[in-house]
Amino acid sequence: MEEPLEILRKLGALQTGHFRLTSGRHSDRYMQCARLFEHPSESEDLCKRLAGAFQLGGTSADTVAGPALGGVIMAYEVARALGARNIFTERENGVMTMRRGFKVERGERVLIVEDVVTTGGSVKEVVEIIREAGATVVGIGAIVDRSNGGVDFGVDFKALASLDIKSWDEAGCPLCAQGIPMTKPGSRKV
């Protein structure tokens, strides 16, 4: 069975070059998990693996939730593998919320998934929404943990791969010093 990072490299999701991250920092590697979801069989495989990691741990979920945009397809695939319901959250006027008639009930068991966790900010917003509705967060899952184990959600967190991607401020960027052209691949404007 092929390792998750190798699959991500092969599909162009794990990229190398000179990138300006959403934070404004520079890096020589970038995770663009949207490239994974161009390939249904590979994304299904990795999402099944993630679902299996929670099933082996004895976690059961009624619902799988993911933050838009990165967690939408992923939540669907993980929910399908678990035989659970699927929902997603999205930003409205800059605030993460449940829309489109989605809701969770008091006591409902929710697994939250995200493609890449760096600071965990979006996931923490989803956790808050789920808990405010009275549901229980049973775990957090990700394809890639870029925090290098540094994010604590207060519940079981499983990732298929962990990746330590170094970054530099512009003044200290060795790639800028070498004159390597930079790209800004993310979905948010800096």
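Taking a ≥ b ≥ c as the square roots of the eigenvalues of the Cα gyration tensor, an a/c ratio of 1.5 or more together with a/b no larger than b/c marks the range 61-120 as oblate. For the chain, the list of Cys residues with no other Cys C-beta under 4.7 Å reads C33, C47.
Modelled spin-label separation between A171 and E105, with each label point placed 7 Å from Cα along the Cα-to-Cβ direction: 5.7 nm.
For the range 42-165, the normalised intensity computed at q = 0.10, 0.16 Å⁻¹ comes to -0.25, -0.67 (log10 of I(q)/I(0), Debye sum over alpha carbons, equal scatterers, no solvent). Backbone amide hydrogens, once placed in the peptide plane, bring A135 within less than 5 Å of G107, excluding anything fewer than 5 places away on its chain.
Compared with the alpha-carbon gap, the fully stretched path from H39 to K184 is longer by 49.9 nm at 0.36 nm per residue.
Would you work out the relative contact order for the chain, in percent, from Cα pairs under 8 angstrom that are 6 or more residues apart? Numbers along the way, then the final one.
Details: 367 pairs, mean separation 45.3, N = 190.
RCO, the chain: 24 percent.
All other residues with a Cβ under 13 Å from the Cβ of S167 taken together, and with Lys, Arg as +1 and Asp, Glu as -1, what is their net charge? Its environment carries a net charge of +1.
Using DSSP to call loops (not H, G, I, E or B), can you name the GluC sites (Glu not before Pro) in the range 7-112 whose Cβ has at most 15 other Cβ atoms within 10 angstrom? Loop-located and lightly packed - E105. Its Cα gyration tensor gives the range 106-168 an equivalent ellipsoid, and the semi-axes of that ellipsoid, as √(5λ) in whole Å with the largest first, are 24, 11, 8.
A short reminder: the numbers here are calculations on the coordinates, not readings from a lab. This one's a predicted model, so the numbers in the text were calculated from it and none came from an experiment. Reconstructed Cβ throughout: ideal geometry from the backbone, glycine too, with neighbour counts over all protein chains shown.
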